[in-house]
Amino acid sequence: MIEFEHVSKRYPERGDALKDLTFRLEAGEMAFLTGHSGAGKSTLLKLIGLLERPSRGSVRVGDDDLARLPRRRIPAHRRRIGMVFQDHRLLAERSVFDNVALPLVTAGMTRDDIGKRVRAALDQVGLLKLERALPLTLSSGEQQRVGIARAVVGRPEVILADEPTGNLDPELSQEIFRLFERFHQLGVSLLIATHDLDLIQSLGHRTLVLKQGRLVADAIPRPAAPEP
Ligand code: ADP
Ligand code: ADP
């Protein structure tokens, strides 16, 4: 589904954010991406979403080599991907419904279809009753669930999340991760950047570790061995 081959990313003035990265994420796979702040996690996600371009190497998503994707196909590419951000990036003056509807409005879908899709997405994250609410009246966990509904409303093949639980306490974080696991069960591919090592450990999914832009580990963490 997602394939990086010898990918490097250099920001002018700042040096290499990613160095010679090679890995693949299969369709339907759920994986975590971790590493210290500045390790290159956001940059990696941005390359997949075509928000940045690699300085070297190739990034493929499905059958598309992103370097060769014609400009006119970039919007369709972005629609294959649902993005979730730490600060959820909701529009404060718009209702929950309107926030979630935004990607479909942009894609030119009809009002009827938008209504159905938005309610299906809100139902999936357990927020159907709050469609008229404004984001600031919601708890931080609810706000993030709206962010997730917006990410999945277009039925993306891939969900990319950048520190989605960075502002949440452990209990709410767990709830969000459960939600991601449900999309995993529906067959969506997920790559989730997170610092939340305890949760990663407890969930047991593949974990890619970045260190100063290099991939230094790629394994499924084993639960800690019981005390002898
Ligand atoms: P992480 O998400 O793991 O914290 P980032 O991908 O945000 O890491 O950053 C990796 C490196 O690239 C850091 O040194 C950061 O300062 C640098 N960087 C990230 N974005 C930019 C940018 N737009 N311009 C210049 N340097 C950047
Ligand atoms: P409708 O096709 O009537 O709009 P729904 O939106 O409720 O129906 O979804 C139809 C099916 O697609 C359901 O089984 C639902 O769980 C599944 N589904 C919804 N969102 C996604 C998604 N992002 N990725 C994969 N399957 C999804």
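The values are calculated or read from the model by the stated rules, or taken from the named source; none is laboratory data. Computed from a predicted structure; not experimentally measured. FYI the Cβ positions are ideal-geometry reconstructions off the backbone, even for glycines, and counts take in every protein chain you see. Just so you know, the surface numbers come from the protein's heavy atoms only, side chains and all, with ligands and any DNA or RNA stripped out. Shrake-Rupley method; radii C 1.70, N 1.55, O 1.52, S 1.80 Å.
Can you order the peptides 1-8, 127-134 by their average number of other Cβ atoms within 10 Å per residue, highest first?
Peptide ranking by packing, descending: 1-8, 127-134.
Using per-residue counts of other Cβ atoms within 10 Å, averaged over each peptide, order 171-178, 93-100 from highest down.
Working: 171-178: 16.9, 93-100: 19.4.
Most protected by this proxy first, the peptides run 93-100, 171-178.
Work out, in µm²/s and without decimals, the Stokes-Einstein translational diffusion coefficient of the chain at 25 °C, 0.890 mPa s, Rh from Kirkwood over C-alpha pairs.
The calculation lands on 134 µm²/s.
Can you compute the charge dipole magnitude of the chain about its Cα centre, using +1 on each Lys and Arg Cβ and -1 on each Asp and Glu Cβ, nothing else charged? Give it in debye, rounded to the nearest 20.
Roughly 920 debye, rounded to the nearest 20.
Starting from 0 in steps of 10 Å, tell me what percent of the Cα-Cα pairs of the stretch 100-228 lands in each bin.
11, 38, 32, 15, 4, 1, 0
If you average the C-alpha positions of the stretch 9-87 and of the stretch 191-206 separately, how far apart do those two centres end up, in angstrom?
Result: 19 Å between the Cα centres.
Placing +1 on the Cβ of each Lys and Arg and -1 on the Cβ of each Asp and Glu in the stretch 9-63, which of V61, F32, L45 has its Cα farthest towards the positive end of the resulting dipole?
L45
Lysines near K19 by alpha-carbon distance under 20 Å, same-chain residues fewer than 8 away left out - which ones?
In chain and number order, the partners are K9, K41, K46, K211.
For R10 and E171, what is the calculated FRET efficiency with R₀ set at 45 Å and r taken between the beta-carbons, to the nearest 0.05?
Result of the calculation: an efficiency of 0.65.
If every alpha-carbon in the stretch 25-129 counts as one equal scatterer, what log10 I(q)/I(0) does Debye give at q = 0.13, 0.18 1/Å?
For the requested q values the scattering log ratios are -0.65, -1.12.
Divide, for the stretch 67-134, the radius of gyration over alpha carbons by 2.2 N^0.38 Å, where N is the residue count.
For the stretch 67-134, the normalised Cα radius of gyration comes out at 1.25.
Quick one: which residues, 5+ away or cross-chain, put their amide H under 5 Å from the amide H of K211? H built at 1.01 Å from N.
Distant-sequence amide H within range of K211: V216.
Kindly report, to the nearest 10 Å², the accessible surface of T137 as traced by a 1.4 Å probe over protein heavy atoms only.
In the full protein context, T137 sits at about 100 Å².
Need the full-extension length gain, S55 to D113, defined as separation in residues times 0.36 nm minus the C-alpha distance. One decimal, nm.
Length difference between fully extended and current span is 16.9 nm.
For the stretch 158-224, what's the radius of gyration and Dmax over Cα atoms, in angstrom?
For the stretch 158-224, the Cα-based Rg and Dmax read 12.0, 34 Å.
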